[in-house]
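Visitor: Okay, here's the structure, questions in a sec.
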Amino acid sequence: MIIYNYKARKLLILSFMALLLILGIYKIRNYIDFPKVIQLLKNGSLAQLNYSSEYNQGKAYGNTQFNNIIFYEGNNTKKQIALTFDDGPDTVVTPKILDILKKNDVKATFFILGNRAQRNPEIVKQILKDGHALGNHSWDHKDLDRLSPDKIKSEIQKTDNILFSITGYHPAIVRPPYGAANRKAVQEIGPMGYKVIDWSVDTLDWMGIPPNIIMYTIKREIRPGGIILQHCAGGKKGNLSNTVTALPQIIEYLKSENYEFVRVPELVGTSPGL
Ligand SMILES: [Zn+2]
């Protein structure tokens, strides 16, 4: 069909493009939680860019203010990686993750929210019993950079208190919510004796992205000393089924590449407890 009327043709093309745009946005919305992405950019990734000098020196080499306090990865000369799971524990996803790790004889690291530990102490005990490492992920996932120094300390201290009451020890690693290892937060957390742990591979699993995209990210970004970020509770609309589906594939791939799975304290060379 050929439309000779110029205006009609233009209108047809414009409507077609508008339709494509609407379909495109609709499709992308299924995969991406835009408010969270903006939040992540503001609190996480951009924060890392702002402190790129600490990023470079945070690997236990060099000598900045935060040398040997912030870690984005471990030693690059050993073919080791650490799987990390944030925001747990819950009673739905965390047990499934623990199950897969046990079946594959893999040890990982769990960064725990204090308020969830309080609600699910038995799962915290199970994580420890299975031989995984525990880390402190604040009490209720506030952006520490927006809090006063006293509030930052109390987010960490309250979580430490509950973890100590459940496990009998003080986990020595902290991951600030959103990975926002900003100067302000680290200035408070570092002197408390903690190592601040971010990551080198962000699977963005909390967005509910498909397992093949998670695998693609891992294959592209993994290297010796890597720290992989995933989640074992929460997620977009509480759905982390893609995380659970992807995990056996991740383990299989990394094993086939001869990576050794270690817990974060071993990866960065620190003791598990204070
Ligand atoms: Zn988190």
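Visitor: Using the Karplus equation 6.51 cos²θ - 1.76 cosθ + 1.60 (θ = phi - 60°), what ³J(HN,Hα) coupling, rounded to whole Hz, does each residue of segment 143-148 give in order, writing x for Gly and Pro?
Guide: Ordered by residue, 3J(HN,Hα) equals 6, 4, 5, 9, 9, 6 Hz.
Visitor: Here is a further query. Ranking 98, 240, 23 by Cβ neighbours within 10 Å, fewest first, what do you get?
Guide: Exposure proxy ranking, most exposed first: 23, 98, 240.
Visitor: Could you pull out the pairs from 79/255; 78/255; 142/184; 102/237 whose alpha carbons sit more than 19 Å apart here?
Guide: 102/237
Visitor: Could I ask something else about it? Mind listing the phi-derived Karplus ³J(HN,Hα) values for segment 186-195, rounded to whole Hz, using 6.51, -1.76 and 1.60 with θ = phi - 60°, and x for any glycine or proline?
Guide: Calculated HN-Hα couplings, in order: 5, 4, 8, 6, x, x, 6, x, 8, 8 Hz.
Visitor: I'd like the distance between the alpha-carbon centres of segment 195-255 and segment 123-181, rounded to an integer number of Å.
Guide: So the separation of the two Cα centres works out to 21 Å.
Visitor: Hey, fewest Cβ within 10 Å first, where do 252, 155 land in order?
Guide: Ascending Cβ contact count within 10 Å gives the list 252, 155.
Visitor: Which cross-chain or sequence-distant (5 or more) residues have an amide H under 5 Å from the amide H of residue 273, H modelled 1.01 Å from N in plane?
Guide: Distant-sequence amide H within range of residue 273: 172.
Visitor: Cα gyration tensor of segment 170-220, axes a ≥ b ≥ c as square roots of the eigenvalues: rounded (a/c below 1.5), prolate (a/b > b/c) or oblate?
Guide: It comes out prolate by the Cα gyration axes.
Visitor: Using Cα positions and a limit of under 14 Å, work out the aspartates and glutamates in reach of residue 219, with same-chain residues fewer than 8 apart set aside.
Guide: Within the straight-line cut-off, residue 219 pairs with 202, 252, 257.
Visitor: Under the classification rounded if a/c is under 1.5, otherwise prolate if a/b is larger than b/c and oblate if not, where does segment 64-221 fall, given a ≥ b ≥ c as square roots of the Cα gyration tensor eigenvalues?
Guide: oblate
Visitor: Kindly put 146, 175 in sequence by how many other C-beta atoms sit within 10 Å of each C-beta, fewest to most.
Guide: Exposure proxy ranking, most exposed first: 146, 175.
Rule-based calculations on the coordinates, nothing more; no lab input. This one's a predicted model, so the numbers in the text were calculated from it and none came from an experiment. For neighbour counting, all protein chains shown are included, and Cβ atoms are generated from backbone atoms with ideal geometry for every residue, glycine included.
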